[in-house]
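Derivation of every value follows stated rules applied to the coordinates shown; laboratory data play no part. Keep in mind that what you see is a predicted model, and the values were worked out from it rather than measured. Backbone-built Cβ (ideal geometry, glycine too); neighbour counts: all protein chains shown.
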Amino acid sequence: MLRVTHEYRVVATTERFHGRIFDIVTDEVEMPGGGTAPRDYMRHIGAVGVVAIDDEGRVVLVRQYRHPVRAYLWELPAGLVDVTGEDAAATGLRELAEEADLTAGRLDHLVDLHTTPGCSSEMIRLFLATELREVPAFERHDEEQDLEVRRVPLADAVKMIFNGQITNGPAVAGLLAAVERLRG
């Protein structure tokens, strides 16, 4: 059995771009066998997402415009970990309220995933939300003004994955994880 032991120590970092949500950096990394190599990536602040399932077994999906892919995507209510000191569960509840005008009586950790580890440090924590209740409508801005919120039977949402209607990675992972969790 091959045993991986190399440390991949970073010997230098150059910030190429600094933004509110992410930075673009180049790390010079020690390689196995000697020498170094540059590795460019996006250093991301992190995110949370919520698989919100109502008492009728319907999941809350939001359809939102995503400029990098020039398309509207079906996604989970989700957002950035961008409030100092706010824990992930509180961020999940905040995003559920902001995007779907809902709160949850129960919020359980579902799964963590790296969204695109080949080019980004982004980690998203996904929660399963149940015991949903409506909250006053949130004032939305920018792309969020154009959100469409829909409740879909969980089985239909899974079908949407396999027929190409849901391509957002965290939504795919969260929905499939929720099916498994609810299965028992």
Problem set entry | the chain, relative contact order [Cα under 8 Å, separation at least 6], % | 22
Exercise. Hey, what do the phi angles of the range 131-136 turn into as Karplus ³J(HN,Hα) couplings, whole Hz, using 6.51/-1.76/1.60 and θ = phi - 60°, x for Gly and Pro?
Worked result: 6, 6, 9, 6, 10, x
For this session: Grab every C-alpha pair in the range 57-184, bin the distances at 5 angstrom width from 0 up to the longest one, and report whole percents.
Result: 2, 10, 20, 25, 24, 14, 5, 1
Exercise. Taking the Cα-to-Cβ direction at Arg39 and at Thr130 and moving 7 Å from each Cα, how far apart do the two end points lie in nm?
Worked result: 3.9
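Per the Cauchy relation, a quarter of the hull surface: what is the mean projected area of the convex hull of the alpha carbons in the range 1-84, in nm²? Before the final figure, lay out the partial values.
Values: hull surface 42.3 nm².
Its average projected convex-hull area is 10.6 nm².
About the Cα centre of the chain, what is the dipole size in debye to 20, counting +1 per Lys and Arg Cβ and -1 per Asp and Glu Cβ, all else neutral? Don't jump to the answer; show the numbers that get you there.
Working: 20 positive and 31 negative charges, 127 e Å.
Computed about the Cα centre, the dipole is about 620 debye.
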For this session: Report Rg (one decimal) and Dmax (nearest whole number) for the range 119-184, counting Cα atoms only, units Å.
Result: 14.3, 40
For this session: For a quick protection proxy, order the peptides 103-111, 65-73, 165-173 by their average other-Cβ count within 10 Å, most packed first.
Result: 165-173, 103-111, 65-73
Exercise. Sorted by mean Cβ packing within 10 Å, highest first, what order do the peptides 38-50, 112-124 take?
Worked result: 38-50, 112-124
